[in-house]
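Comments concern the structure below.
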Amino acid sequence: MAHAQLSHSTVISGFVDSLQEPRTPYISPKRLSEALGVKVANLAQLTGVHRNTLRNPSSERLQGRMREMVKVISAATELTGDVNKAIFWYRNDAGKKETRTDWVTVTVFDDQAAWIKDNVSKGQPVIAEGRINNSSYEKDGETIYTTDLVATTFNAFQAANVNAND
């Protein structure tokens, strides 16, 4: 197991090193776009910066966004053991916006319910863990099936300030 971790660490380190702007501590937009197999203009879109910002690799905003991309790819590399699979996943799945919404009823009890009422607002991202409860009921002669989550753990996320470095 330790050998596999060392191997993954070497692969990730080599990948990160290959992205570095020559003779600087910065990630190169050109090298990252080549690694991802996308045009530099598309990298601007992926990072959420104006394409002219890519001409200044020392931009804190740009570097922060590219570091986040590299962290995601590195984590996927740890899981797959292959940087190319991780890049494929990132390029083909991570950037896609989900257009379908699935609503799941989450059931919470007692103190947890009171905390949620006081601290969580509509539309705020949350994570809930628990057990799945499948049930059904009749409505207008049709059987409606439901899947609910009975939460044992519930946490809310605060929105990140993406313009902190602007």
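The values are calculated or read from the model by the stated rules, or taken from the named source; none is laboratory data. Predicted, not measured: the structure shown is a model, and the values here were computed from it. Cβ atoms come from the backbone with ideal geometry, glycine included; neighbour counts cover every protein chain shown. The accessibility values were calculated without ligands, DNA or RNA, using every heavy atom of the protein model including side chains. Shrake-Rupley method; radii C 1.70, N 1.55, O 1.52, S 1.80 Å.
The table below gives the values:
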{"quantity": "Solvent-accessible surface (1.4 angstrom probe) belonging to Glu60, in square angstrom, nearest 10", "calculated": "120"}
{"quantity": "Interchain or long-range residues, amide H under 5 Å from Tyr26's placed H", "calculated": "Glu21"}
{"quantity": "Loop trypsin sites (Lys or Arg not before Pro), the stretch 106-135 (other Cβ atoms within 10 Å of the site Cβ: 15 or fewer; DSSP)", "calculated": "Lys122"}
{"quantity": "Of Lys30/Lys85; Lys39/Lys71; Lys39/Lys85; Lys117/Lys139, those spanning more than 27 Å from alpha-carbon to alpha-carbon", "calculated": "Lys117/Lys139"}
